Amino acid sequence: MIKSIATPTSTVRARPILGAASIVALFVALWMALIWSPPDAAMGSVVRILYVHVANAWLAYLAFVVVFLASIAYLWTKRTVFDAIAVASAEIGVLFTGLTLILGSIWARPTWGVWWSWEPRVVTTAVMFAMYVGYLLLRNLSDDLERRATRAAVLGIVLVVDVPIVHLSVTWMNALHQLPTVLRPDLSPTLDPRMLASLIAMTIAFTIVYAYLMVARVEIERRRQARIIEARG
Amino acid sequence: MTLTRIWRIAARETLAERGQPDGLVAAVTFVATLILVESLAVGPLAAGQPPVASALFWIAMAFAAILATTRSFDRELEDDAIDAVLALPGGRDALYGGKVLALMALLAFVALIGGLLSLVLLSLAIALPFHLVFVIVAGVLGLPPVVVLFVTLSLRLRARGALVPILALPVLVPHLVAATNGTAAAITGDASGALGWGGLLVAFALVYSVLGLTIVPTALE
């Protein structure tokens, strides 16, 4: 039996705080990325796209891992709040995966000479994007709240397998894409300290934006669920 | 015992297919047509190249698996037999496991026909026939665990026919890559390549079988 809980007021109160924090964090991170960090010796200022590209990719990973965890939690507890968290995170993840592909393509043009390359990281990211579009499609084609949540939770668990594949694809196969520079197996980033600081700042800023979007989207989904449960009596 | 129930479901499925072989006929016809049409589209010379011939064969097999699995569940839904199976204790695990086993047998037959057709139509010379059989068996084992999973998730949904390929094909990408490379390796005489890719296919089949048996019963209502 599906369990419903009231929308927590703490998340409603957190929204304006997260919104303000997002603006401040993005402003600081943009200043660091565009002005404070040095240009790359080989790529010049083109390298600055790294800060948004990598932060986007990080958010996509984070979002899909949250879908996975919320899916397990839903199957375990049958609480609709976890279904709301899963759908919110999946939508944000799809958005940021799409942006990662677009930004990667824009970066590839001046560095690789092409808009698209059939190399492992790019292809596995595109496959991950298609998988989670399918996840959202499955949700939209199901009318029953409980059935939709259960099926989506099962799918949310299955699809997470692709996240480590995307990350490790560049080490498993010959790739044109750069190898991991921050999350390396030996935990020793190979970036200039100012570049690394700017990248970390941008990643933190994007994570706060993710938290803000999550709170807003979960709130909308909880209202929607409440309407469905109310209509069902 | 769940294993006994899995065998029973698989046997029932095979008997149903023997009595009314529309799923098998549809899958074989589909594979044959697709191999023919794809070979014509890329041209017989290009289609005869081992990597191309292998890719055409496995793409056809993936779609045949989707077709046969969908047909198998349609038969259950038509007479509401699925509700009776699900009502049995352990029926959910048995349904998944039984369907996977029965579809493996069905797809092995489809692969045999499709493979022979490819050999004849594309004049393929096989350097390592036993390696080829290993890769094809491993590839056939890997398809049903994934496809049954997604057909189960899409049961009684609108636009199921479109949804299943959209969900299954991205997940099948590693399988298709491994099966295509393994088959091409066996055709060209690369023994270590064929065994390596075949091993990956076995691992893929195991991972998705365990995953399916663990979580698919939850999705069945």
When residues of region A:83-129 are limited to those that are surrounded by 18 or more Cβ atoms within 10 Å (Cβ to Cβ) and polar (S, T, N, Q), the one farthest from the other protein chains (Cβ to nearest Cβ): A:S89
Top-ranked residue in region A:55-70 [being modelled with pLDDT under 95 and surrounded by 22 or more Cβ atoms within 10 Å (Cβ to Cβ); ranked as farthest from A:L199 (Cα to Cα)]: A:A60
Residue match in region A:194-206 (condition: under 27 Å from A:V81 (Cβ atoms) and not in a helix (DSSP H, G or I)): no
Per-region count, region B:1-25, residues small (G, A, S) and crowded, with 16+ Cβ neighbours inside 10 Å: 3
Failed item, numbered, when A:T80 is tested on (1) more than 14 Å from chain B (Cβ to nearest Cβ); (2) within 27 Å of A:L26 (Cα to Cα); (3) of a type in the set (S, T, N, Q); (4) buried (at least 21 other Cβ atoms within 10 Å of the Cβ): (2)
Yes/no for B:A185 being more than 13 Å from chain A (Cβ to nearest Cβ), at negative phi and in contact with a Pro (Cβ under 9 Å, 6 or more places away or on another chain): yes
Residue count for region B:155-171, restricted to those that are more than 7 Å from chain A (Cβ to nearest Cβ) and over 17 Å from the mean Cα position of the chain (by Cα): 4
Among residues of region B:112-149, those that are closer than 23 Å to B:R71 by Cβ and without any contact (Cβ under 8 Å) to a residue 60 or more places away in the chain, counted: 5
Members of region B:182-217 that are without any contact (Cβ under 8 Å) to a residue 12 or more places away in the chain and surrounded by fewer than 16 Cβ atoms within 10 Å (Cβ to Cβ): B:S192, B:A203, B:L206, B:V207, B:V210, B:T214
Positions within region A:130-156 being of a type outside the set (S, T, N, Q) and buried (at least 20 other Cβ atoms within 10 Å of the Cβ), in sequence order: A:M131, A:Y132, A:G134, A:Y135, A:L138, A:A149, A:R151, A:A152, A:A153, A:V154, A:L155, A:G156
Condition met for A:G134 (modelled with pLDDT of 95 or more and under 19 Å from B:V171 (Cβ atoms)): no
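Might you check whether a residue that is under 20 Å from B:I215 (Cα atoms) and either in a helix (DSSP H, G or I) or in contact with a Phe, Trp or Tyr (Cβ under 9 Å, 6 or more places away or on another chain) (or both) occurs anywhere in region A:114-132?
Scanning region A:114-132, I find at least one residue that is under 20 Å from B:I215 (Cα atoms) and either in a helix (DSSP H, G or I) or in contact with a Phe, Trp or Tyr (Cβ under 9 Å, 6 or more places away or on another chain) (or both), so the answer is yes.
Would you be able to say whether some residue in region B:121-139 is within 14 Å of chain A (Cβ to nearest Cβ) and either surrounded by 24 or more Cβ atoms within 10 Å (Cβ to Cβ) or in contact with a His (Cβ under 6 Å, 6 or more places away or on another chain) (or both)?
Of the residues in region B:121-139, the ones within 14 Å of chain A (Cβ to nearest Cβ) are none.
Looking through region B:121-139, none of the residues is within 14 Å of chain A (Cβ to nearest Cβ) and either surrounded by 24 or more Cβ atoms within 10 Å (Cβ to Cβ) or in contact with a His (Cβ under 6 Å, 6 or more places away or on another chain) (or both).
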Search result, residues across region B:33-58 that are surrounded by 19 or more Cβ atoms within 10 Å (Cβ to Cβ) and in contact (Cβ under 8 Å) with a residue 40 or more places away in the chain: B:I35, B:S39, B:A47, B:P50, B:A53, B:S54, B:A55, B:L56, B:F57, B:W58
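The values are calculated or read from the model by the stated rules, or taken from the named source; none is laboratory data. Every value quoted in this text rests on a predicted model; they were computed, and no experiment measured them. Note that each Cβ is placed from the backbone with ideal geometry, even for glycine, and that neighbours are counted across all protein chains shown.
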